[in-house]
Amino acid sequence: MIITVGLPRAFRSPTHLQGQTRKAPSSRRHFSRSLRLYSNPRLRSSSSASKIMPTVSVKWQKELFPAVEIDTSQPPYVFKCQLYDLTGVPPERQKIMVKGGLLKDDADWSTLGVKEGQKLMMMGTADEVVKAPEKGPVFMEDLPEEEQVVAVGHTAGLFNLGNTCYMNSTIQCLHSVPELKSVLLNYTNSGRSNELDQYSHLLTVATRDLFTELDRNVRPVAPLQFLSVLRKKFPQFAQQQNGVYMQQDAEECWTQLMYTLSQSLRSSESSEISAAVKSLFGIDLVSRIHCAESGEESSETESVYALKCHISQDVNHLHEGLKRALKSELEKVSPSLGRSAVYSKESSINDLPRYLTVQFVRFFWKRESNQKAKILRKVDYPLELDVYDLCSEELRQKLQRPRQILRDLENEKLGLKAKQKSNTSTGNDGDATMAEASQGSSGPSKDPSPEGTSSQKETHPTGIYDLVAVLTHKGRSADSGHYVAWVKQESGKWIQYDDDNPIPQREEDITKLSGGGDWHMAYICMYKARVAHI
């Protein structure tokens, strides 16, 4: 077999190399350099007029390349490029023994005395042959839907089916609660009890199926079944005007869905499922009711699924609005006076949920226009909410030790020595900066110890919450405008769910949705509890 030496491999037909025994990687850098050398007339052999093509053999390591032709009209560097094709040894590493020493890139062939059939010795280390990847590139659109969700970092959006942004934003916020999804997965189609009405059961099943569909898709989902059952269960969401479904209040949708899930899951035979909604979202309030005129005083307890933030000219921050909402006045008949009297009602939190929901009371009924009006006032809200001073004295006592544990963890992170305190040490500094801790239930629950031993630790609430979802409203009326969900992912990134269009957002921009204009402003905030392991 004769291998012709001439221009580098990149400039010859591929069939010319069929007889080679080794396929080495190409190098554009070397080839471009050889072209520059070849095009330089000063580096061409003086004997180019009489082209001589002696045939030689090249010995490299244990391999012998016979019948290699040399075009003496070209500089030796081109010959080295040909040997690079054969051996994979870059020209700059090649050491070829010829008469007078080593072959130089710009030597004159006529002075080297290369003869027909001469055997040349070459030394040098070849480049590592690049192996083809075991698996070729995979495009994201070729992945299964479940893997696309992981790659994208967020779940699917929801198509707007005609003024249904109020529903879409509510679903996206509640869908961000993994514990709720886990409970719903255990709710079976046949789990309806005799006390539960048909549409409550069907709405719970539709919620479960929609959550599952969102987790499995990266493309937008059409919540047709959920919307159909929602309107049958609550006909107010099916109101039409001029043949078009009307915009509805997202807070009403949130409240009705939460109530339905609490009823459905409570009727489950499983004790864990029946108490799920209460432990996840339920807030126990204890209230002191006092009549200054008669001196009567009583107390009562109630459970709610959201705290209210009342907005007035004096309210600039969420915490101020929460305090104001926990104090109210009511008029009722006084047994001792025998007539109506004014009573003051002061409430405090007596048990904390895993997820704390706060509603900004931005809409009120305007008698003059006979419609809902919106309060546009700016009310700031934090990424970290401490509700310690909103709690009852009994609950504060329970929170002190877990809060101290978090402070000690924070001190350790800052390199400070934790202060030694007894279990009865006070911890009523509500504004203290808390350490980052695991998040979980407010009530005691078992948690494996980090050492992996058989000992178990319980999780306890601290009164500290981290913002995980915001539902905003844009517009002047509750019956118009547009609702959007802003949800924190498990990765820590925030996603704006504008119906079927998920958009990544920066965390520092989330707290700017505080109102003061016609832009999106917070209507519902959902916080997740920090807990301490004791």
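Coordinate-derived values only; no laboratory data. Not measured: the values here are computed from a predicted model. All Cβ positions, even for glycine, are placed from backbone atoms using ideal geometry, and neighbour counts span all protein chains on display.
At a glance:
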| item | result |
| --- | --- |
| Dipole of segment 168-227, positive direction: furthest Cα of 188, 212, 202, with charges on the beta-carbon | 212 |
| Cα-based reach from residue 119 at 22 Å (exclusive), listing lysines while leaving out same-chain residues under 8 positions away | 51, 59, 62, 80, 95, 99, 104 |
| Three-way shape label, segment 258-376, alpha-carbon gyration tensor, a/c 1.5 | oblate |
| Theoretical gain in end-to-end length, residue 458 to residue 216 [0.36 nm per residue, Cα-Cα removed] | 83.8 nm |
| Cα centroid of segment 80-107 to Cα centroid of segment 464-532, whole Å | 67 Å |
| Stretchable slack from residue 384 to residue 301, in nm (0.36 nm times residue separation minus alpha-carbon distance) | 27.2 nm |
| Cut-off 18 Å, label 7 Å out along Cα→Cβ of residue 242, residues of segment 156-193 by amide N | 162-164 |
| Burial order of peptide ranges 525-532, 280-287, 89-96 (average beta-carbon count within 10 Å, highest first) | 525-532, 280-287, 89-96 |
| Estimated FRET transfer efficiency (residue 377, residue 190; beta-carbon r; R0 56 Å; 0.05) | 0.70 |
| Length gained when the stretch residue 316-residue 367 is fully extended (0.36 nm per residue, less Cα-Cα span) | 15.8 nm |
| Built amide H within the under 5 Å cut-off of residue 296, gap 5+ | 291 |
| Of 345/378; 345/372; 366/528, those spanning more than 29 Å from alpha-carbon to alpha-carbon | 366/528 |
| Semi-axis lengths (Å, descending) of the ellipsoid that matches the C-alpha gyration tensor of segment 469-534 | 24, 14, 11 |
